[in-house]
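Trainee: The structure's right below; bear with me while I get my questions together.
Read the figures in this text as sums done on the coordinates, not as results from a lab. Please read all numbers here as calculations on a predicted model, not as lab measurements. No Cβ is skipped: glycine too gets one built from the backbone with ideal geometry, and neighbour counts run over all protein chains shown.
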Amino acid sequence: MNYFRSRDALFNALGARIFGRLTPSAQVLETSAVYPPSRARLTLKASFEADVTFHETAGLAGGRQMVTLLHLAFEGLILNTLTVPGVLEIQPNLDPWIDLLVERLLPEPQA
């Protein structure tokens with residue numbers, strides 16, 4: 001007999017458990033506040049800020065919020081491709097999916 005009633009219930013429980021395990025405790029968060037940010041974090045932050053600056057300088061719509069959405073979308077695409085390739089059946093050619101992400105997140109201005 002299965003503990004979970006459905007595959008969805010299993011995945012929901014698994015996701016909750018993973019996020020629960022990965023979420024740092026309040027004590028860890030307090031302790032980490034006394035240490036300076038890591039080089040990797042500073043580099044990622046600088047890269048993100050450069051993307052925001054480029055986006056705004058180019059006059060693209062949405063500002064910081066749009067850049068955040070783009071980062072989340074593309075990082076999700078990369079994570080999925082590296083960790084569970086084939087699950088979404090979007091490989092081997094990601095180009096149409098990338099084009100669709102850009103088209104949906106940054107539509108052409110209406111004339």
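Trainee: At Val84 and Ala26, where each label point lies 7 Å from the Cα along Cα→Cβ, what is the point-to-point distance in nanometres?
Mentor: With each label point 7 Å from Cα toward Cβ, the separation is 3.3 nm.
Trainee: Now, a different point. Once you have a ≥ b ≥ c as the square roots of the Cα gyration tensor eigenvalues for segment 39-111, tell me rounded if a/c is under 1.5, and otherwise prolate or oblate according to whether a/b is larger than b/c.
Mentor: oblate
Trainee: Here is a follow-up. Dipole magnitude of the chain about its Cα centre, charges +1 at Lys/Arg Cβ and -1 at Asp/Glu Cβ only, in debye to the nearest 20?
Mentor: It comes to approximately 640 debye.
Trainee: On to the next question. Hey, what number do you get for the chain at 222 nm if only DSSP H runs of n ≥ 4 count, each worth -39500 (n - 2.57), divided across all residues, to the nearest 500?
Mentor: Estimated from H runs of four or more residues: -22000 deg cm²/dmol.
Trainee: Given Cβ point charges of +1 (Lys, Arg) and -1 (Asp, Glu) and nothing else, what value in debye, to the nearest 20, does the dipole of segment 63-111 about its Cα centre take?
Mentor: 200 debye
Trainee: Once you've got the GNM for the chain with C-alpha springs shorter than 10 Å, pick whichever of Pro85, Pro24, Pro96 has the biggest mean-square fluctuation.
Mentor: The residue that fluctuates most here is Pro24.
Trainee: Take the Cα atoms of segment 1-92, build their convex hull, and give its volume per residue in Å³.
Mentor: Here the figure is 181 Å³ per residue.
Trainee: Which of the helices in the chain, when you take each full DSSP H run, stretch at least 27 Å along the axis at their Cα atoms and have an average Kyte-Doolittle score of 0.0 or higher?
Mentor: Within the chain the helices that satisfy the rule are 63-83.
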